[in-house]
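First the structure, in the form of structure tokens, and then the observations on it.
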Amino acid sequence: VSAGMPELMFAQLLWIGCTLQIVQATCTEQTADQPATTECKTNMCNVLIGGTEAANKYCSQCAKAAEAPINGVCKAISSDASGCALKSPNDGTCTQCGNGYFLYKGGCYGTGDTTGQKLCTTAATEGVCTVAATGYFAVPGAAKTDQSVAACGDATTGVTIGGNKKYVGVDGCTKCTKPGEIAEATSLTTAAATCTECTGTKIVKTVTASGKSVTSCIEPAECKDGFFVDTAANPNKCTACTDQHCLTCSAAEANKCSVCAEGYFVGAATGSEGPCVKCDATGSSGFAGVAGCAKCTRPNTSGASGTATCDECEAGKKPSEDKTKCNPCADTNCSFCDEKGACQKCSEGYTLEGGKCTSSSANRSGLSTGAIAGISVAAVVVVGGLVGFLCWWFICRGKA
């Protein structure tokens, strides 16, 4: 080992140790009954900004009542530039902030500070964030006494304005746009941000109902039942099939369906994608269904036209035996009826007799239940007597 090497290694280790101490000292909680200046209250180093490591933990409530978190670090509040107004009575938090600052989880953060810039880039209104940083959204209608920025992934706590307007993010979301402002409400109303990008391998799924769109973060394998993974989008997203009756599609086009919902079939050659056609849709050209049909099977065709076969008709009707028509049928136990309403074949467990479906296990003798029971008892008595007589006969003969 050359001279000077031990000293160099020691210096490197010392530098690393000091660096680790600095990293870990971003937020220091009180350890004694009488807290020191700049110490955070016990368990209040709970604000994560820019990551989940110790270096990204900041304070939400200071140990000394006359201090408050400014850019996540506790400091004395007197004529501070942040404009922090201490909560009354003092409890180590701010209730509002001044120009260039905004309220976030008990403290004031500045848009001119590196920590504050991770949350908000512009605070055009006094004490209010107006343009959020990536991963956050500006809370609609917030005043300087409100928290005015929230994380895109905060789907539970969020921010409540005026006691009844709650704004939240989306679970697993890393990029989003802010929700629309909630109109005056008499009860708690929640509005969620619109997610545009998710964490890890998850993708954004958008569901639209009653004119409103709701986003969520899901794994690609969960994108099914009327949705498909749009790989043309960057990042990939889970998009609804254009045809509302389609269960499986490959693109957002009406003729890209491979599996349709019950009551519909794929109007395309076997093995091809196409639009969903209703089972009772009729027409003179192209793919068609059967009038009065409720459930059907896709036609087995290699061409550009074909008629489905009907498996189940609407109430009061049954398919013909070749499944090409739905005919009126009064017998509920019948599977197929002809055009005159006569049953052609009965359901399982029933037998066609005299044009009617009769239970295969039914009593066809015409006798009452009591009569059948009496006959059964008599038969048992006769058989028992016969057995007794035979036993007596053979025993007596054996003795003789």
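The values are calculated or read from the model by the stated rules, or taken from the named source; none is laboratory data. Remember, it's a predicted structure, so these values are computed and weren't measured experimentally. Counting neighbours? That spans all protein chains shown, and the Cβs are built from the backbone with ideal geometry, glycine included.
Observations, loosely collected:
- Thr125 being more than 23 Å from Glu197 (Cβ to Cβ), polar (S, T, N, Q) and touching a residue at least 12 places away in the same chain (Cβ under 8 Å): yes
- Failed item in (1) in contact with a helix residue (DSSP H, G or I) (Cβ under 9 Å, 6 or more places away or on another chain); (2) within 18 Å of Cys97 (Cβ to Cβ); (3) of a type outside the set (Gly, Ala, Ser), with Thr121 passing the rest: (1)
- Close Cβ contacts (under 6 Å, 6 or more residues apart or on different chains) running from residues in region 154-171 that are among the polar types (S, T, N, Q) to residues that are assigned to a strand (DSSP E or B) comprise Thr160/Lys166.
- Boolean, Ser216 is surrounded by 14 or more Cβ atoms within 10 Å (Cβ to Cβ) and among the hydroxyl-bearing types (Ser, Thr, Tyr): yes
- Verdict on Gly112 being part of a loop (DSSP other than H, G, I, E, B), over 23 Å from Thr42 (Cα atoms) and touching a residue at least 24 places away in the same chain (Cβ under 8 Å): no
- Considering residues of region 219-235 that are within 18 Å of Cys246 (Cα to Cα) and among the small types (Gly, Ala, Ser) only, the residue surrounded by the fewest Cβ atoms within 10 Å (Cβ to Cβ): Ala221
- Any hit, region 226-249, residues being in contact (Cβ under 8 Å) with a residue 40 or more places away in the chain and within 17 Å of Thr196 (Cβ to Cβ): no
- Which numbered condition Ala193 misses (of (1) within 16 Å of the chain's Cα centre (by Cα); (2) surrounded by fewer than 15 Cβ atoms within 10 Å (Cβ to Cβ); (3) farther than 30 Å from Glu262 by Cα; (4) not basic (Lys, Arg)): (2)
- Unique residue being within 23 Å of Asp154 (Cα to Cα) and either touching a strand residue (DSSP E or B) at 6+ places or on another chain (Cβ under 6 Å) or hydroxyl-bearing (Ser, Thr, Tyr) (or both) when the list is Thr208, Thr242: Thr208
- In region 49-66, the residue that is farthest from Ala132 (Cα to Cα) out of those that are at pLDDT 95 or above and not in a loop (DSSP other than H, G, I, E, B) is Cys62.
- Single match in Gly286, Gly267, Gly263 (criterion: surrounded by 16 or more Cβ atoms within 10 Å (Cβ to Cβ) and at positive phi): Gly263
- Among the candidates Lys202, Lys278, the residue that is surrounded by 15 or more Cβ atoms within 10 Å (Cβ to Cβ), closer than 30 Å to Cys326 by Cβ and in contact with a strand residue (DSSP E or B) (Cβ under 9 Å, 6 or more places away or on another chain) is uniquely Lys278.
- The residues in region 31-48 that are modelled with pLDDT of 95 or more, of a type in the set (S, T, N, Q) and surrounded by 13 or more Cβ atoms within 10 Å (Cβ to Cβ) can be counted, and the count is 1.
- Qualifying residue in region 61-72 (condition: touching a Leu at 6+ places or on another chain (Cβ under 8 Å) and either of a type in the set (Ser, Thr, Tyr) or in contact (Cβ under 8 Å) with a residue 60 or more places away in the chain (or both)): no
- Among (1) at pLDDT 95 or above; (2) surrounded by fewer than 22 Cβ atoms within 10 Å (Cβ to Cβ); (3) not aliphatic (A, V, I, L, M), the one test that Asn164 misses: (1)
- Residues located in region 306-343, provided they are surrounded by 14 or more Cβ atoms within 10 Å (Cβ to Cβ), among the small types (Gly, Ala, Ser), more than 16 Å from Cys276 (Cβ to Cβ) and within 41 Å of the chain's Cα centre (by Cα): Ser335
- Just one of (1) buried (at least 24 other Cβ atoms within 10 Å of the Cβ); (2) assigned to a strand (DSSP E or B) fails for Cys97. It is (2).
- Members of region 119-134 found to be more than 17 Å from Ile161 (Cβ to Cβ) and in a strand (DSSP E or B), listed by number: Thr121, Thr122, Val131
- Identity of the residue in region 135-145, surrounded by 19 or more Cβ atoms within 10 Å (Cβ to Cβ) and part of a loop (DSSP other than H, G, I, E, B), that ends up farthest from the chain's Cα centre (by Cα): Lys144
- 1 or more residues farther than 16 Å from Asp230 by Cβ and in contact with a Lys or Arg (Cβ under 6 Å, 6 or more places away or on another chain): qualifying strands (runs of 3 or more DSSP E) within region 173-216: 189-192
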